[in-house]
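Peer 1: Take this structure, written in structure tokens, and hold onto it; I'll ask about it next.
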Amino acid sequence: MTHGKRLNSSDFLRPIESRVLSEEWGTLTSHRFELRRRDGTWQEQIREVYVKGSGVGCLLYNPETGCVLLTRQFRLPALIEGHDPYLIEAPAGLLEGAHPEDRMRAELIEETGFEVSGLEHLYDLFMTPGAVNERISLFTGTYHMKDQVADGGGEEHEGEDIEVLHVPLNEALNMIRTGEICDGKTVLLLQELALRQLKEAGE
């Protein structure tokens, strides 16, 4: 196992053909290749990869109220799956070439209206590695009501219409169990915060 180390792809991959299928919001490409299996044999495979760019996400906690800062917005893929399309999520956005922390600060203002000074980088994760290239940098931090500098709601020209939510942490954790919160990055961030608080309470 490589544990994240980069490999020489020619040792295990033989590209055959790549075709761009769509270039609308992102780029969808079909890749045909041969992959070397663990027993040394080569197997031809076809995979489609959606390239949308890397992103950022952040969960802010208000120690005065015990609330986390979340958003609710329309997500078409959820509707297609027969789920409520208005998902509750931690604020997030595309990196678009910016430094992750800088981009996250801008996203927080755009989506929630809150401007914060200190953000802690947690980890960088692939959320759907079987089909999407996105790797998301996740952050945490604290916020206070005095930090609100704008209304939030997202950018209308980008099709965003975002509701800002202040949810007690215990309630948000229960919403994971009930299925009201089912966004992967948000679940991870809420559990990270809960584990940290448990650790601090035990010290």
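The values are calculated or read from the model by the stated rules, or taken from the named source; none is laboratory data. Keep in mind the model is a prediction, meaning the values are calculated, not measured. Virtual Cβ from ideal backbone geometry, glycine too; neighbours counted across all protein chains shown.
Peer 1: Specify which of the listed residues (L69, L79, L21) is within 22 Å of E107 (Cα to Cα) and either assigned to a strand (DSSP E or B) or not polar (S, T, N, Q) (or both).
Peer 2: Details: L79 fails: within 22 Å of E107 (Cα to Cα); L21 fails: within 22 Å of E107 (Cα to Cα).
Exactly one of L69, L79, L21 is within 22 Å of E107 (Cα to Cα) and either assigned to a strand (DSSP E or B) or not polar (S, T, N, Q) (or both), namely L69.
Peer 1: On the basis of being surrounded by fewer than 13 Cβ atoms within 10 Å (Cβ to Cβ) and small (G, A, S), does G152 make the cut? Before you say what the answer is, go through the steps one by one.
Peer 2: Working: surrounded by fewer than 13 Cβ atoms within 10 Å (Cβ to Cβ): no; small (G, A, S): yes.
So G152 does not fit the description; no.
Peer 1: Among the listed residues Y61, Y50, identify the single one that is of a type in the set (F, W, Y) and either closer than 22 Å to E160 by Cβ or in a loop (DSSP other than H, G, I, E, B) (or both). Lay out the reasoning, then the answer.
Peer 2: Working: Y61 fails: either closer than 22 Å to E160 by Cβ or in a loop (DSSP other than H, G, I, E, B) (or both).
The conditions single out Y50.
Peer 1: Those residues that are at pLDDT 95 or above and more than 16 Å from L188 (Cα to Cα), I need them from region 112-141; list them, please.
Peer 2: Those that are at pLDDT 95 or above and more than 16 Å from L188 (Cα to Cα): T112, G113, F114, E115, L119.
Peer 1: Checking the structure you have, find out if any residue of region 95-108 is touching a residue at least 40 places away in the same chain (Cβ under 8 Å) and part of a loop (DSSP other than H, G, I, E, B).
Peer 2: Checking region 95-108: at least one residue is touching a residue at least 40 places away in the same chain (Cβ under 8 Å) and part of a loop (DSSP other than H, G, I, E, B).
Peer 1: Restricting attention to region 125-167, and to residues there that are without any contact (Cβ under 8 Å) to a residue 60 or more places away in the chain and outside any loop (DSSP other than H, G, I, E, B), which single residue is nearest to the chain's Cα centre (by Cα)?
Peer 2: Looking at the filtered set, the residue picked out is F126.
Okay, residues lined up against (1) among the polar types (S, T, N, Q); (2) touching a helix residue (DSSP H, G or I) at 6+ places or on another chain (Cβ under 9 Å); (3) assigned by TED's automatic domain parsing to the domain that holds P91; (4) over 13 Å from V68 (Cα atoms):
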{"site": "N133", "(1), (2), (3), (4)": "yes, no, yes, yes"}
{"site": "T142", "(1), (2), (3), (4)": "yes, no, yes, no"}
{"site": "G152", "(1), (2), (3), (4)": "no, yes, yes, yes"}
{"site": "E155", "(1), (2), (3), (4)": "no, yes, yes, yes"}
{"site": "E171", "(1), (2), (3), (4)": "no, no, yes, no"}
{"site": "E180", "(1), (2), (3), (4)": "no, yes, yes, yes"}
{"site": "G184", "(1), (2), (3), (4)": "no, no, yes, yes"}
{"site": "L188", "(1), (2), (3), (4)": "no, no, yes, yes"}
{"site": "A194", "(1), (2), (3), (4)": "no, yes, yes, no"}
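Peer 1: Here is a further query. Would it be correct to say that G130 is touching a strand residue (DSSP E or B) at 6+ places or on another chain (Cβ under 6 Å) and exposed (fewer than 15 other Cβ atoms within 10 Å of the Cβ)? So that I can check it myself, show each step before the final result.
Peer 2: Numbers: touching a strand residue (DSSP E or B) at 6+ places or on another chain (Cβ under 6 Å): no; exposed (fewer than 15 other Cβ atoms within 10 Å of the Cβ): yes.
Here the answer is no, as G130 does not meet what is asked.
Peer 1: Residue by residue through region 150-171, note down the ones that are modelled with pLDDT of 95 or more and in contact with an Asp or Glu (Cβ under 9 Å, 6 or more places away or on another chain).
Peer 2: Residues of region 150-171 that are modelled with pLDDT of 95 or more, as a first pass: 163-171.
Within region 150-171, just V164 meets the criteria.
Peer 1: Then there's this: Residues being without any contact (Cβ under 8 Å) to a residue 60 or more places away in the chain and under 12 Å from the mean Cα position of the chain (by Cα): count how many of those fall in region 80-94.
Peer 2: Residues meeting the conditions: 3.
Peer 1: Another question, then. Just to check your reading of the model, which residue among E111, E160 is in contact with a strand residue (DSSP E or B) (Cβ under 7 Å, 6 or more places away or on another chain) and buried (at least 17 other Cβ atoms within 10 Å of the Cβ)? Talk me through it step by step, then tell me what you get.
Peer 2: Numbers: E160 fails: buried (at least 17 other Cβ atoms within 10 Å of the Cβ).
Result of the check over E111, E160: E111.
Peer 1: Could you tell me which numbered condition K185 fails, if it satisfies all but one of (1) more than 24 Å from K52 (Cβ to Cβ); (2) of a type outside the set (S, T, Y); (3) modelled with pLDDT of 95 or more; (4) buried (at least 16 other Cβ atoms within 10 Å of the Cβ)?
Peer 2: The failed condition is (1).
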